[in-house]
Amino acid sequence: MSTLHSLATDIALGNVKIIDLTHTLDPDFPVIILPPEFGQCARFRMEEISAYDHRGPAWKWHNLTLSEHTGTHFDAPSHWISGRDVPNGSVDEIPLDAFVGPVVVIDCSEGAAQNDDLELTVEAIENWEAEHGKIPTGTWVLMRTDWSKRSGAAYLNMRKDGPHSPGPNPEAIQFLINERNIRGFGTETVGTDAGQGAHYVPPYPAHYFLHGAGKYGLQCLANLDQLPPTGAILLAAPLKIKNGTGSPLRVLAMIEG
Amino acid sequence: MTEPLTFPPKKDPQKRSATPTRPPEARSRASLALTAAAAEGRFALQVCDECQIVQYPPRDACMNCIGTDLRWNDVSPKGHLLAETTVQTSTKLFFRERAPWRMGSVKLDVGPLILCHIHGDCTRDSAVKVLNRLDKSGQAVLIAIPLERSDHMDDDPQLRALSAHPKHRRILITDAWNPNTPALARALLDAGAATVFVGEAESWRPHPNRDALASMANVEVLPLDVTDTSSVQKLAGEIGGKTDILINNARFLRPGGVLSRGDTGFARDEMEVNYLGLMRLAQAFGPGMCARTADGVNSAAAWVNILSAYALSNTPEYGCYSASNAATYSLSQSLRGEFRSSGLRVMNVFVGPTEDDWHAPLPPPKVLPQSVARSVLDGLNDGLEDVWCGDIAKDIRDRWRKNAKVLEREMTFGSDGA
Ligand SMILES: [Zn+2]
């Protein structure tokens with residue numbers, strides 16, 4: 001049996017399960033909030049074109065409005081100023097093999113339940129590796145916080161001094177890039193950076209270092225609690241948008257089970 | 001003395017709601033100037049330039065000297081009630097449903113003898129004040145009221161039919177985020193509103209009005225985002241059948257004209273909120289409100305838009321915002337025509353620069369939330385179509401009426417660069 005045929009068989013038999021890591025595109029799903037004098041991320045909107053009526057008797061369809069960075073989405077290197085000159089840095093140029101690959105999950109959910117501003121640190125990564133082995137080159141690293149189980153105001157967790165949500169500190173993200181040469185980094189929160197990420201040096205270190213190094217980002221992920229720490233395969237192909245800096249997408253994981 | 005209006009009992013669900021009817025709409029062209037005065041609450045009559053006679057009803061020529069130079073001047077509304085009668089029935093359906101109806105003749109201090117509606121508290125041979133009000137057809141009618149105010153005089157059925165008074169009514173304010181929302185809600189409740197619904201967009205982030213609104217009894221904060229059709233439709237499905245007055249204060253505003261912005265991003269947001277937001281609300285709430293304009297004490301009465309006075313003439317410092325308001329103003333005129341047959345009134349409140357972050361660089365005077373609330377309440381009470389809130393709005397109105405091109409030229413002065 002060929003590899004693909006045996007994969008199809010395993011999926012059909014339930015030996016390989018497909019997990020959906022995507023939130024539903026919903027007009028009321030939070031987006032990142034910037035100071036109001038800056039340009040803002042478009043919310044997801046859906047306008048009916050027709051619904052089997054005088055506007056189109058036998059069909060129903062919608063026009064959509066959204067940003068490249070609305071909902072569960074992919075960040076390309078060209079999203080950040082540090083990645084502006086990275087070759088093949090926009091979603092339409094990224095080599096296809098980047099979109100399918102191995103994934104590891106670092107479970108930070110216990111700490112995040114205690115501390116909204118929990119940092120992923122080098123120490124935490126090393127502790128994880130002591131249990132699960134060294135993070136292989138070219139792997140997606142996802143930070144599980146169970147943040148996707150929050151809804152409404154608790155998700156963005158906006159206060160007078162800005163949003164509060166977990167994320168990697170500058171040393172941790174540099175460690176993953178420079179010492180482990182990962183493919184990309186993903187979170188359950190609204191960005192790859194912590195809510196208070198603007199206050200690191202450099203500001204928004206995950207965006208800054210990942211994209212400067214030609215790595216990718218995934219955010220607003222869900223169901224990370226259904227993934228094993230190692231051994232899963234991630235399928236994350238953004239829409240092919242000319243010069244796109246990111247894209248909403250359906251993120252799927254395959255797990256053996 | 002007028003008996004206070006009691007809160008209506010719950011509706012009998014087996015009874016058909018009263019169908020909106022309206023008084024006769026036809027008027028002479030000369031008479032429409034009286035309607036224009038009523039639309040902003042003024043008592044104005046024709047005065048002959050030649051012989052200075054004040055005349056009523058309006059005509060194309062002076063009935064004293066046949067002069068045709070007739071100006072509409074604000075004149076004293078005071079007079080004397082000479083005779084009155086109570087109409088018990090009428091061939092006009094509108095009055096037939098509302099009989100008995102008091103009518104009478106008033107000798108105005110400025111001269112004319114007029115036939116008009118009579119407030120229940122007026123007694124024969126007494127001094128009265130005549131109000132020029134819009135009726136359910138949106139045309140001017142005159143009603144005599146006593147000089148002395150009494151506690152419940154706004155509850156007089158004839159006067160109430162000529163107003164959109166909030167008492168016992170259920171009112172939707174569309175934008176919890178607007179700085180004027182708490183003041184508006186407070187003023188409406190103080191005026192006797194039964195419930196104030198407040199639409200709140202993006203409840204997933206905090207906003208400064210939340211605590212103030214939560215602390216008010218009879219205020220219900222409900223999800224509503226005027227940029228999201230499904231959200232507007234959902235709320236209309238829930239409360240559209242009991243929204244008697246809708247106050248659209250949803251606003252998106254950023255400073256800047258065309259060249260000071262590098263893109264169409266904020267302009268799009270301005271159109272989505274200010275212009276298309278009104279359209280979405282009207283499509284979702286309009287038909288239901290139009291069907292309920294005769295629905296008893298808490299019938300649908302008014303649709304209120306809060307607009308920038310720069311809808312009339314653009315101020316390039318806020319050029320794109322002004323443009324969105326010009327579009328919204330134009331749309332409100334279409335709505336007037338579309339709502340007219342139902343008797344649902346569209347009231348536009350034109351506001352000058354408001355006291356908020358986006359107008360911070362401008363010098364005073366700026367309009368405070370309390371002033372907006374007062375203008376809205378006065379306008380509803382007087383059944384107005386056009387309200388001008390603040391000195392700047394009134395100034396723009398006056399200059400626009402005097403010479404729109406001169407105003408445009410004044411608003412678009414250049415600066416001498418180095
Ligand atoms: Zn004359």
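Does the range B:260-276 contain any residue that is among the small types (Gly, Ala, Ser) and away from chain A (no Cβ under 13 Å)?
no
State whether one or more residues within the range A:3-11 are surrounded by 12 or more Cβ atoms within 10 Å (Cβ to Cβ), at pLDDT 95 or above and assigned to a loop (DSSP other than H, G, I, E, B).
Within the range A:3-11, the first condition is being surrounded by 12 or more Cβ atoms within 10 Å (Cβ to Cβ), and the residues that meet it are A:6-11.
After this cut, where a residue has to be at pLDDT 95 or above as well, the list is A:6-11.
Among the residues that remain, those that are also assigned to a loop (DSSP other than H, G, I, E, B) are: none.
Checking the range A:3-11: not a single residue is surrounded by 12 or more Cβ atoms within 10 Å (Cβ to Cβ), at pLDDT 95 or above and assigned to a loop (DSSP other than H, G, I, E, B).
Take the conditions closer than 25 Å to residue B:233 by Cα, within 14 Å of another protein chain (Cβ to nearest Cβ) and in contact with a Lys or Arg (Cβ under 7 Å, 6 or more places away or on another chain) and apply them to residue A:24. Does it pass?
For residue A:24, the condition - closer than 25 Å to residue B:233 by Cα, within 14 Å of another protein chain (Cβ to nearest Cβ) and in contact with a Lys or Arg (Cβ under 7 Å, 6 or more places away or on another chain) - is not met.
Determine which single condition residue A:151 fails, assuming it passes every other condition in (1) in a helix (DSSP H, G or I); (2) within 14 Å of another protein chain (Cβ to nearest Cβ).
The number of the failed condition is (1).
Can you tell me which condition residue B:378 does not meet? The list is (1) of a type outside the set (Ser, Thr, Tyr); (2) surrounded by fewer than 18 Cβ atoms within 10 Å (Cβ to Cβ); (3) more than 12 Å from the chain's Cα centre (by Cα), and all the others hold.
Unmet for residue B:378, out of (1) of a type outside the set (Ser, Thr, Tyr); (2) surrounded by fewer than 18 Cβ atoms within 10 Å (Cβ to Cβ); (3) more than 12 Å from the chain's Cα centre (by Cα): (3).
Out of curiosity, is residue B:144 under 28 Å from the mean Cα position of the chain (by Cα), at pLDDT below 95 and either more than 16 Å from the ligand (Cβ to nearest atom) or surrounded by 14 or more Cβ atoms within 10 Å (Cβ to Cβ) (or both)?
Answer is no for this residue.
Can you pull out the residues in the range B:88-123 that are surrounded by 12 or more Cβ atoms within 10 Å (Cβ to Cβ) and without any contact (Cβ under 8 Å) to a residue 12 or more places away in the chain?
Listed by number, the residues that qualify are B:90, B:96.
In the range B:29-42, is there at least one residue being farther than 24 Å from residue B:348 by Cβ and surrounded by 14 or more Cβ atoms within 10 Å (Cβ to Cβ)?
yes
So, in the range B:212-259, of the ones that are over 30 Å from residue B:313 (Cβ atoms), within 13 Å of chain A (Cβ to nearest Cβ) and among the charged types (D, E, K, R), which residue ends up nearest to the chain's Cα centre (by Cα)?
Among residues in the range B:212-259 that are over 30 Å from residue B:313 (Cβ atoms), within 13 Å of chain A (Cβ to nearest Cβ) and among the charged types (D, E, K, R), the one nearest to the chain's Cα centre (by Cα) is B:225.
Sort through B:99, B:18 and tell me the only one that's over 23 Å from the mean Cα position of the chain (by Cα), more than 25 Å from residue B:384 (Cβ to Cβ) and more than 16 Å from the ligand (Cβ to nearest atom).
Being over 23 Å from the mean Cα position of the chain (by Cα), more than 25 Å from residue B:384 (Cβ to Cβ) and more than 16 Å from the ligand (Cβ to nearest atom) holds for just one of B:99, B:18, which is B:99.
Specify the residue that is nearest to the other protein chains (Cβ to nearest Cβ); the eligible residues are those in the range B:51-87 that are within 14 Å of the ligand (Cβ to nearest atom), β-branched (Val, Ile, Thr) and surrounded by 14 or more Cβ atoms within 10 Å (Cβ to Cβ).
B:54
When you go through (1) surrounded by fewer than 23 Cβ atoms within 10 Å (Cβ to Cβ); (2) touching a Phe, Trp or Tyr at 6+ places or on another chain (Cβ under 9 Å); (3) aliphatic (A, V, I, L, M) one by one for residue A:201, which number turns out not to apply?
Among (1) surrounded by fewer than 23 Cβ atoms within 10 Å (Cβ to Cβ); (2) touching a Phe, Trp or Tyr at 6+ places or on another chain (Cβ under 9 Å); (3) aliphatic (A, V, I, L, M), residue A:201 violates only (2).
Quick check on my filter: what residues within the range B:351-395 are assigned to a strand (DSSP E or B), among the hydrophobic types (A, V, I, L, M, F, W, C) and under 29 Å from residue B:158 (Cβ atoms)? Working first, answer last.
Here is the first cut: in the range B:351-395, the residues assigned to a strand (DSSP E or B) are B:351, B:354, B:367, B:386-389.
Then keep just the ones that are among the hydrophobic types (A, V, I, L, M, F, W, C); that gives B:351, B:367, B:387-389.
Once the filter is applied, which keeps residues that are assigned to a strand (DSSP E or B), among the hydrophobic types (A, V, I, L, M, F, W, C) and under 29 Å from residue B:158 (Cβ atoms), the range B:351-395 yields B:387, B:388, B:389.
Of everything in the range B:22-50, what is within 16 Å of the ligand (Cβ to nearest atom) and not in a strand (DSSP E or B)? Give them in sequence order.
B:30, B:49, B:50 - these are the residues of the range B:22-50 that are within 16 Å of the ligand (Cβ to nearest atom) and not in a strand (DSSP E or B).
Identify, from the list B:164, B:201, the residue that is out of contact with any strand residue (DSSP E or B) (no Cβ under 6 Å at 6 or more places or on another chain) and either of a type in the set (A, V, I, L, M, F, W, C) or not assigned by TED's automatic domain parsing to the domain that holds residue B:86 (or both).
Exactly one of B:164, B:201 is out of contact with any strand residue (DSSP E or B) (no Cβ under 6 Å at 6 or more places or on another chain) and either of a type in the set (A, V, I, L, M, F, W, C) or not assigned by TED's automatic domain parsing to the domain that holds residue B:86 (or both), namely B:201.
Kindly check whether there is at least one residue in the range A:57-66 that is surrounded by fewer than 21 Cβ atoms within 10 Å (Cβ to Cβ), under 26 Å from residue B:207 (Cα atoms) and out of contact with any Ser or Thr (no Cβ under 6 Å at 6 or more places or on another chain).
Going through the range A:57-66, the residues surrounded by fewer than 21 Cβ atoms within 10 Å (Cβ to Cβ) turn out to be A:57-66.
Then drop every residue that is not under 26 Å from residue B:207 (Cα atoms), which leaves A:65-66.
From the residues that got through so far, the ones that are out of contact with any Ser or Thr (no Cβ under 6 Å at 6 or more places or on another chain) too are A:65-66.
For the range A:57-66, residues surrounded by fewer than 21 Cβ atoms within 10 Å (Cβ to Cβ), under 26 Å from residue B:207 (Cα atoms) and out of contact with any Ser or Thr (no Cβ under 6 Å at 6 or more places or on another chain): present.
Checking residue A:51 against (1) more than 14 Å from chain B (Cβ to nearest Cβ); (2) surrounded by fewer than 18 Cβ atoms within 10 Å (Cβ to Cβ); (3) outside any loop (DSSP other than H, G, I, E, B), which test does it fail?
Unmet condition: (1).
Does the range B:171-187 include one or more residues that are farther than 24 Å from residue B:100 by Cα, surrounded by fewer than 23 Cβ atoms within 10 Å (Cβ to Cβ), hydroxyl-bearing (Ser, Thr, Tyr) and assigned by TED's automatic domain parsing to the domain that holds residue B:241?
No, that holds for no residue.
In the range B:319-328, how many are touching a strand residue (DSSP E or B) at 6+ places or on another chain (Cβ under 7 Å), more than 9 Å from residue B:270 (Cβ to Cβ) and touching a residue at least 24 places away in the same chain (Cβ under 8 Å)?
Qualifying residue count, the range B:319-328: 1.
Given the range B:145-221, what helices (runs of 4 or more DSSP H) lie entirely inside it while holding 1 or more residues that are among the acidic types (Asp, Glu)?
B:181-190, B:210-214
The values are calculated or read from the model by the stated rules, or taken from the named source; none is laboratory data. On a predicted model such as this, the values are computed, not experimentally measured, just so you know. Cβ coordinates were reconstructed from backbone atoms using ideal geometry, including for glycine residues, and neighbour counts include every protein chain displayed.
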